[in-house]
Amino acid sequence: MSASVQSLRESITNGQPSLAQLLRQTQLIAARLNLQDIQHWVDLELNGYADDADPPGNRKIFVHSLEIYNAERDAWLFAGNLNFGLEARQPIAEIENLSRVERVDFPVSKNFSIKNNFGDSFGSDWPQRFVVAGLQYRLVTEAVTDRWTAELEKRGLKVIDFHRLMTVLGDITKRISN
């Protein structure tokens, strides 16, 4: 187990570990220290939230637009602005990847009714997709990082003070080794 704590120490001191790496290492430590609430939360973050699980409110992303596919032009066309909230249920590693791109698009589950300026249905039966700014996913990773930091701070580990964190992790390593 002390290898897990050492690995967490090295990840933090060696630069910017991915959030998924930090959570995997935290999960090992939480299991060893019998921190079941942390284990459960980290497991949900690492594996994603199933349909029967309620993701926290900070895992909500907002769609900014809708596009329709015009097969005649072989192009996706802007169909309107949206401010539609969706739950981001993906594993945190996938969320991290999505946070690094400018935009993410994915198909809608049920087409929206779309009308032209004359009120006629136009493109409602064409393939449709949501467009989400990558920033929305970055907000999710920041919220998870904040919770990770808060969980450590509840247990006396102030993440901003890396020297103190390393000292405390060293103490944990000694306790686990004994």
*asked:* If I filter the stretch 102-121 down to residues being at pLDDT 95 or above and acidic (Asp, Glu), which single residue comes out as nearest to Leu66 (Cα to Cα)?
replied: Asp105
*Which residues, counting only those in the stretch 122-161, are modelled with pLDDT of 85 or more and of a type in the set (Asp, Glu)?*
Asp125, Glu142, Asp146
*Considering the stretch 72-102 alone, what residues qualify as being more than 22 Å from Ala53 (Cα to Cα) and in contact (Cβ under 8 Å) with a residue 24 or more places away in the chain?*
Trp76, Leu77, Ala79, Gly80, Leu82, Ser99, Arg100, Val101, Glu102
*Mind checking which residues of the stretch 113-140 are closer than 26 Å to Leu19 by Cα and open to solvent by 20 Å² or more (accessible area, probe 1.4 Å)?*
Ala133, Leu135, Gln136, Arg138, Leu139
*Across the stretch 85-112, what is the number of residues that are aromatic (Phe, Trp, Tyr) and surrounded by 15 or more Cβ atoms within 10 Å (Cβ to Cβ)?*
1
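Quick one: is Leu28 hydrophobic (A, V, I, L, M, F, W, C), open to solvent by 70 Å² or more (accessible area, probe 1.4 Å) and within 22 Å of Leu152 (Cβ to Cβ)? Step through it out loud before you land on a result.
Values: hydrophobic (A, V, I, L, M, F, W, C): yes; open to solvent by 70 Å² or more (accessible area, probe 1.4 Å): yes; within 22 Å of Leu152 (Cβ to Cβ): yes.
So Leu28 fits the description; yes.
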*Which numbered condition trips up Ser18, out of (1) exposed (fewer than 15 other Cβ atoms within 10 Å of the Cβ); (2) free of Cβ contacts under 8 Å to residues at least 60 places away in the same chain; (3) under 20 Å from Gln136 (Cα atoms)?*
(2)
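Does the stretch 166-175 contain any residue that is of a type in the set (Gly, Ala, Ser), over 23 Å from Ile95 (Cβ atoms) and either modelled with pLDDT under 85 or surrounded by 12 or more Cβ atoms within 10 Å (Cβ to Cβ) (or both)? Steps first, please.
Restricting attention to the stretch 166-175, the residues satisfying the condition of being of a type in the set (Gly, Ala, Ser) are 170.
Filter once more, keeping what is over 23 Å from Ile95 (Cβ atoms): 170.
If we keep only those that are either modelled with pLDDT under 85 or surrounded by 12 or more Cβ atoms within 10 Å (Cβ to Cβ) (or both) as well, we get 170.
Yes - at least one qualifying residue is present in the stretch 166-175.
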*Restricting the search to the stretch 61-81, which residues are open to solvent by less than 50 Å² (accessible area, probe 1.4 Å) and out of contact with any helix residue (DSSP H, G or I) (no Cβ under 6 Å at 6 or more places or on another chain)?*
Val63, Ser65, Leu66, Glu67, Ile68, Asn70, Ala75, Leu77, Ala79, Gly80
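The values are calculated or read from the model by the stated rules, or taken from the named source; none is laboratory data. This structure is a prediction, so every number in the text was calculated from the model and none was measured. Reconstructed Cβ throughout: ideal geometry from the backbone, glycine too, with neighbour counts over all protein chains shown. Accessible surface areas use protein heavy atoms only, side chains included; no ligands, DNA or RNA. Shrake-Rupley method; radii C 1.70, N 1.55, O 1.52, S 1.80 Å.
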